[in-house]
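Student: Below is the structure I would like to discuss, written out as structure tokens.
The values are calculated or read from the model by the stated rules, or taken from the named source; none is laboratory data. The shown structure was predicted, so the numbers you read here are calculated from the model rather than taken from an experiment. As a convention, Cβ positions derive from the backbone with ideal geometry for all residues, glycine included, and neighbour counts pool all protein chains shown. Keep in mind that these areas ignore ligands, DNA and RNA; they rest on the heavy atoms of the full protein, side chains included. Shrake-Rupley method; radii C 1.70, N 1.55, O 1.52, S 1.80 Å.
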Amino acid sequence: MTRSGDDTERTFAALPPSHGRGFARTWWGRAWLQALEDGALDGEQLRAGRRLARAGGVGAVSVRPGRITAVVQDRDRTAHRADVLLTELPAAGWDRFLDMAVERAGHVAALLDGEMPTHLVEDAAAAGVDLLPGLGDLEPECDCGAWDHCRHTAALCYQVALLLDQDPLVLLLLRGRGESALVEDLQHRGTARTEAAPEPDGVDAAEAFAVGDILPALPALPELPDAPGTPPTLDTDVPAPAEVDPDALEFLAQCAATEAHRLLAAALTAEPEQHRAEAGQLQAPTLALDAVRLAAADPGRAVTRRLAEESGRTPETLAVAVRAWRLGGAPALAVCEEEWSVGGEPLARARAALDSAWDQDERPVLRARGNRWTVADAPFQLRLGREGGWWPYRKERGRWVPGGPVSRDPATALASMDSGADEV
């Protein structure tokens, strides 16, 4: 990168090809691309521009107030001069921005450290200064003759997004102020402000503490959307890296949107005390448990097979676990996959429940093993959950599978099994 003597132009060397790499990692770089993609009329030109930028077709980029310029080569080596214009801030706009920045020293430090925090842009906007471009602000010029963004100006914009990621001061130069002039203006205004500011009288500590709990009213709760949002598609012209499964990634994004919608619905209907109680009970899911939760959402055969492998199950045992999950979530899954010894008071309560569940002449013969009571000479079983509920099981193809929902009464649980249940 080179600079002109008066710091009003910076030239960045051409970047090498970067296949498969994203063009913006920072939020301000993504905002720059959003302005490009929202304002362009031809999506095919944008895709062609991305391909040119990834292939290294953008030459050295010159940045100066109001304009960025580069020579862009097509795949056939034809060269075109591409320019993109962005309106400079007027003198009054710079005065407002500099006054705002001086009031908050953190803004200046962030810029000089190569960062552009969101609150800086928000504060600038509140002062009537738009730093980032919006819809239609990036005006293209290219000698290929296109009147809208062509592949050459699009490629230039994608390349500049990488430069903005590295140094947000590039944006301020585009808006009309180089780094040295910016620093000089900030120092001058900071010195003048310090000399003019009166000595603070201070606030009594007791008074400050006394009003510390006076908070503004909370904003109104948001409205619940009718349905979870739809994540963006991953169907692009760039092949996915070998370690990334696009189908699995899209499925996880949809699961996240569904869960966010569910949590928002719960948050809008429950009392704060209930939220705190539920938050205290939350536990991080294990890999084995979370694989079942995801498989229960029907992600497709390939993702389901991968979930089975990663959780140490076969497709058949995962299918049984999913059936249990759909009947009762994590407690049902624990009953399905864990066998435990019942003793002491839980055993006494279980025996009392079994003794009182049937009349003497109707009671089935049950053989006990751990928390499982199997009906003699019949493919049925009752399993006791750690919370005290009874879960019915049936044998299908030589495997015990969940047969119905939990019940507090063992006779009701045994009678609830649907003889027409699907086989695993």
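Student: With Cβ to Cβ distances under 12 Å as the rule, what net charge do the other residues near A35 carry (K, R +1; D, E -1)?
Tutor: Details: positive: R30; negative: E37, D38, D130, D137, E139.
Taking every Cβ under 12 Å from that of A35, the sum is -4.
Student: Here's a follow-up. Taking K and R as +1 and D and E as -1, what net charge do the other residues with C-beta under 14 Å from the C-beta of P133 add up to? Provide the component values of the computation, followed by the final result.
Tutor: On the way: positive: R30, R67, R175; negative: E37, D38, E88, D130, D137, E139.
Neighbour charge sum, excluding P133 itself: -3.
Student: In whole percent, how big is the carbon plus sulfur part of the accessible area of segment 336-379, probe 1.4 Å, protein atoms only? Before the final figure, lay out the partial values.
Tutor: Numbers: 1320 of 2990 Å².
Carbon with sulfur: 44 percent of the solvent-accessible area.
Student: Let me ask something additional. Please sort 169-182, 354-367 by packing, taking for each peptide the average over its residues of neighbouring beta carbons within 10 angstrom, highest first. Please list the in-between numbers first.
Tutor: Values: 169-182: 20.4, 354-367: 11.8.
Sorting 169-182, 354-367 by mean packing, highest first, produces 169-182, 354-367.
Student: Among 239-252, 301-314, how do they line up by average Cβ neighbours within 10 Å per residue, starting with the highest? Spell out each step's value before the answer.
Tutor: Numbers: 239-252: 12.7, 301-314: 15.7.
In decreasing order of mean packing, 239-252, 301-314 become 301-314, 239-252.
Student: About the Cα centre of segment 307-424, how large is the charge dipole given +1 on each Lys and Arg Cβ and -1 on each Asp and Glu Cβ? Please answer in debye to the nearest 20.
Tutor: On the way: 16 positive and 18 negative charges, 36 e Å.
Around 180 debye, computed over segment 307-424.
Student: Here's a follow-up. Within the accessible area of segment 75-159, what % is carbon and sulfur when the probe is 1.4 Å and the other protein chains stay in place?
Tutor: On the way: 2040 of 4160 Å².
Result for segment 75-159: 49 percent of the exposed heavy-atom area is carbon or sulfur.
Student: So what's the net charge close to H80: Lys and Arg +1, Asp and Glu -1, counting the other residues with Cβ under 12 Å from its Cβ? Intermediate results must be reported in sequence, preceding the final value.
Tutor: Working: positive: R77, R81, R151; negative: D74, D76, D83, E141, D143.
My count for the surroundings of H80 gives -2.
Student: In what sequence, highest mean first, do 53-63, 153-163, 131-141, 339-349 appear when ranked by Cβ atoms within 10 angstrom? Don't skip to the answer; put the middle values down first.
Tutor: Values: 53-63: 20.6, 153-163: 26.2, 131-141: 17.1, 339-349: 11.6.
Ranked from most to least packed, the peptides come out as 153-163, 53-63, 131-141, 339-349.
Student: At a Förster radius of 56 Å, what calculated FRET efficiency corresponds to the Cβ-Cβ distance of W340 and W27, to the nearest 0.05? Before the final figure, lay out each step's value.
Tutor: Details: r = 50 Å, r/R0 = 0.89.
That gives a FRET efficiency of 0.65.
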